[in-house]
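Right, one structure below, let's go through it.
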Amino acid sequence: MENRKGNHLAKEEAHDVIPSLIKSISAHEVAGFDFDHDDSSRQLKTILAFPQAIELADGKENDNDLSEPQRKHSLSISMPPSPVEAHLQNKNRVFFADGAYENDGVKTKQAIFYSQPMPKGSALNQAITNGNFDNPPVMNPRIHKLQDKRFDSFKTWSGKLERQLSNLRGKHCENEQEPHIQRHAEFERLPVERYFDALEGPELDTLRASEEILLPEDKKWPFLLRFPITSFGICLGVSSQAIMWKTLASSASTKFLHMSPDINLVLWIISVAVFLIVALIYALKIIFYFEAVRREYYHPIRVSFFFAPWITLLFLAIGVPKAVSQTLHASLWYILMTPLFCLELKIYGQWMSGGQRRLSKVANPSNHLSVVGNFVGALLGASMGLKEGPIFFFAVGLAHYLVLFVTLYQRLPTNATLPKELHPVFFLFVAAPSIASMAWARIQGSFDYGSRIAYFIALFLYFSLAVRVNFFRGFRFSLAWWAYTFPMTGAAIATIRYTDVVTNVVTKTLTVILSIAATLTVSALLVTTIVHAFILRDLFPNDIAIAISDRKPKSTRKWYHMRTGSSDNNIEKYLKYSSSDGKDIEASISPPSSKDGEMQQTNKDQEP
């Protein structure tokens with residue numbers, strides 16, 4: 001029995017023995033690969049070959065010396081997943097030689113494979129671009145799904161237009177959107193308090209540290225989203241310069257300067273070109289990103305710049321060169337003043353309504369833009385020979401300018417938009433009275449006492465800001481600064497008109513000084529804008545002001561250690577006055593009363 005079991009186990013072991021795969025193939029001599037290198041001799045390692053399945057082509061045994069390499073080329077063999085089963089079933093004769101191999105008696109020429117490294121990353125893109133990569137990888141047809149869809153919530157149709165165009169081209173577009181896109185697809189009107197709570201700075205364009213935005217901060221946004229309404233300030237600055245040089249060339253008091261009207265023509269053409277470019281880009285923003293435009297309109301400071309395009313058109317009409325047109329039709333004035341009138345009905349109504357956007361809460365120096373349009377329109381209408389319309393807009397502008405001027409001068413505690421330090425925005429104080437003086441002079445037909453009063457107010461405000469020019473340093477450049485240049489130009493033009501009435505050395509000198517100051521300011525801003533646009537490439541950063549969230553951040557409650565003998569009333573007063581602008585913090589803490597002394601004594605008695 002034991003012998004039978006032993007024989008049976010021996011048969012099973014003989015049946016289950018796995019033959020060695022590689023037997024008598026020698027590797028090609030490669031430095032450092034599968035052989036030991038020696039200066040005196042080279043010894044190749046013997047590697048395993050297919051056993052009985054491998055035979056020589058001439059039927060002879062392989063008696064060659066294995067110490068010498070038998071072939072000059074290496075062969076890459078792909079192993080099957082089940083080598084035992086494959087070799088037991090497939091008994092093909094393989095002849096390893098450089099010329100050919102024999103498979104079932106049919107000789108086939110051996111294929112030679114050459115391997116080359118495959119470039120990755122940027123090297124792959126560079127190879128495809130240079131044409132060195134013959135077989136570029138096939139693009140994934142579903143790659144559009146990987147595109148960033150976080151900006152779709154600011155689009156006009158939230159991506160519906162792109163899907164419709166894709167369907168028209170025959171490409172099916174998935175209707176599914178990411179959850180965060182669906183959540184922010186439709187924005188509700190943000191209350192004005194959210195802008196004050198989430199943003200800071202004189203222009204409310206800096207995000208507070210505790211706030212989050214809807215769009216990615218670490219990625220550059222599309223250009224249209226980064227193009228603000230304040231870009232029309234460039235048009236205001238350049239077009240006002242065209243008016244000033246036209247006045248210098250045509251006024252009797254400045255004949256000694258011998259100014260050529262060609263300067264006015266060149267500046268006017270540049271102004272028209274700049275306005276068309278800016279208007280076209282912003283029109284595209286209205287078409288494709290209307291939600292962003294709507295958020296700019298609700299912004300307490302940006303809303304005033306919606307008057308800038310129409311004021312620019314009024315400036316272009318006033319500064320039109322005589323070589324282009326001698327007179328303008330009166331219908332042009334009605335066309336330009338209609339949108340201004342509609343905007344004023346909306347903005348001025350909010351100022352008076354007493355709601356969230358009443359003037360005492362949203363008053364800021366940029367509101368002067370909404371008032372200046374009345375005086376510019378009155379100036380253009382009076383120069384065309386109109387009477388009632390210019391007087392109407394002059395009266396509306398005068399009434400609201402007085403209210404705005406007093407509100408800004410009081411610096412109410414409820415007004416959170418006024419900066420504590422001086423800022424170029426304060427030059428807008430000069431714009432309204434200087435243009436109002438010229439408008440009233442056109443309406444009256446002479447630079448009378450009313451015009452002189454307005455002019456002297458503008459001149460005093462100009463000087464009060466000019467002597468503090470050192471306080472305007474250290475501010476980050478923005479396109480809104482262009483809107484602050486036309487008040488300086490307006491003051492120079494008003495001085496020229498005043499010099500026509502009161503001509504002497506002082507007024508002529510003042511005219512030259514103010515004109516040079518306005519021209520140098522515009523030139524400096526032009527150079528700065530070019531540097532930021534083409535060298536630094538940060539002229540249009542991500543517009544954080546339009547991407548604030550409608551949800552307030554979670555406030556963390558802070559606990560303060562109460563000192564012995566201090567009451568809750570004293571701590572409340574201390575915190576109140578320490579957060580204000582007052583520096584007399586000690587005065588905010590009232591002296592301890594008799595009750596406080598009793599409490600302090602009781603606490604001492606209770607201590608062990």
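Going by the structure shown, is residue 439 closer than 22 Å to residue 241 by Cα, at pLDDT 95 or above and not in a loop (DSSP other than H, G, I, E, B)?
yes
Can you name the residue in the range 409-436 that is at pLDDT below 90, within 23 Å of residue 482 (Cα to Cα) and not aliphatic (A, V, I, L, M) and, of all such residues, is surrounded by the fewest Cβ atoms within 10 Å (Cβ to Cβ)?
420
Checking residue 333 against (1) at pLDDT 95 or above; (2) surrounded by fewer than 20 Cβ atoms within 10 Å (Cβ to Cβ); (3) more than 32 Å from the chain's Cα centre (by Cα), only one condition comes out false. Which one?
Every listed condition holds for residue 333 apart from (2).
What tally of residues in the range 437-495 results from selecting those that are β-branched (Val, Ile, Thr), in contact with a Pro (Cβ under 7 Å, 6 or more places away or on another chain), open to solvent by less than 50 Å² (accessible area, probe 1.4 Å) and closer than 23 Å to residue 236 by Cα?
The number of residues fulfilling the criteria is 0.
Answer yes if at least one residue in the range 344-362 is in contact with a Pro (Cβ under 7 Å, 6 or more places away or on another chain) and within 25 Å of residue 482 (Cβ to Cβ), and no otherwise.
yes
Residues that are closer than 26 Å to residue 276 by Cα, at least 1 per element: which helices (runs of 4 or more DSSP H) completely within the range 313-413 meet that?
In the range 313-413, 330-353, 368-383 are the helices (runs of 4 or more DSSP H) which contain 1 or more residues that are closer than 26 Å to residue 276 by Cα.
Confirm whether residue 282 is surrounded by 14 or more Cβ atoms within 10 Å (Cβ to Cβ) and over 22 Å from residue 403 (Cβ atoms).
yes
Cβ-Cβ below 9 Å, separation at least six or inter-chain, first residue in the range 315-341 and touching a residue at least 40 places away in the same chain (Cβ under 8 Å), second among the basic types (Lys, Arg) and open to solvent by 20 Å² or more (accessible area, probe 1.4 Å): which pairs?
318/246; 319/246; 320/246; 321/246; 322/246
Under 9 Å between Cβ atoms, at least 6 apart or on separate chains: pull out the pairs that start in the range 519-548 with a residue that is acidic (Asp, Glu) and end on any residue that is modelled with pLDDT of 90 or more and not in a helix (DSSP H, G or I).
What qualifies is 543/221; 543/227; 543/228.
Taking the criterion of being open to solvent by less than 50 Å² (accessible area, probe 1.4 Å), more than 30 Å from residue 498 (Cβ to Cβ) and either among the hydroxyl-bearing types (Ser, Thr, Tyr) or modelled with pLDDT of 85 or more (or both), would at least one residue in the range 239-260 satisfy it?
no
Working carefully through the options 167, 175, find the one that is open to solvent by 80 Å² or more (accessible area, probe 1.4 Å), at pLDDT below 85 and in a helix (DSSP H, G or I).
Just one listed residue meets the conditions, 167.
Answer yes or no: is there a residue in the range 340-360 that is in contact with a Leu (Cβ under 7 Å, 6 or more places away or on another chain), open to solvent by 10 Å² or more (accessible area, probe 1.4 Å) and among the hydroxyl-bearing types (Ser, Thr, Tyr).
Within the range 340-360 (the criterion being in contact with a Leu (Cβ under 7 Å, 6 or more places away or on another chain), open to solvent by 10 Å² or more (accessible area, probe 1.4 Å) and among the hydroxyl-bearing types (Ser, Thr, Tyr)), the answer is yes, since at least one residue qualifies.
Quick test of your reading of the structure: residue 142 fulfils all but one of (1) closer than 18 Å to residue 302 by Cα; (2) at pLDDT below 80. Name the failing condition by number.
So the condition that residue 142 fails would be (1).
What about residue 359, is it touching a residue at least 24 places away in the same chain (Cβ under 8 Å), touching a Phe, Trp or Tyr at 6+ places or on another chain (Cβ under 6 Å) and closer than 23 Å to residue 384 by Cα?
No: the conditions fail for residue 359.
The values are calculated or read from the model by the stated rules, or taken from the named source; none is laboratory data. Here the structure is a predicted model, which means the values were calculated and not measured. Note that each Cβ is placed from the backbone with ideal geometry, even for glycine, and that neighbours are counted across all protein chains shown. To get the accessible areas, we keep the full protein, side chains included, count just its heavy atoms, and leave off ligands, DNA and RNA. Shrake-Rupley method; radii C 1.70, N 1.55, O 1.52, S 1.80 Å.
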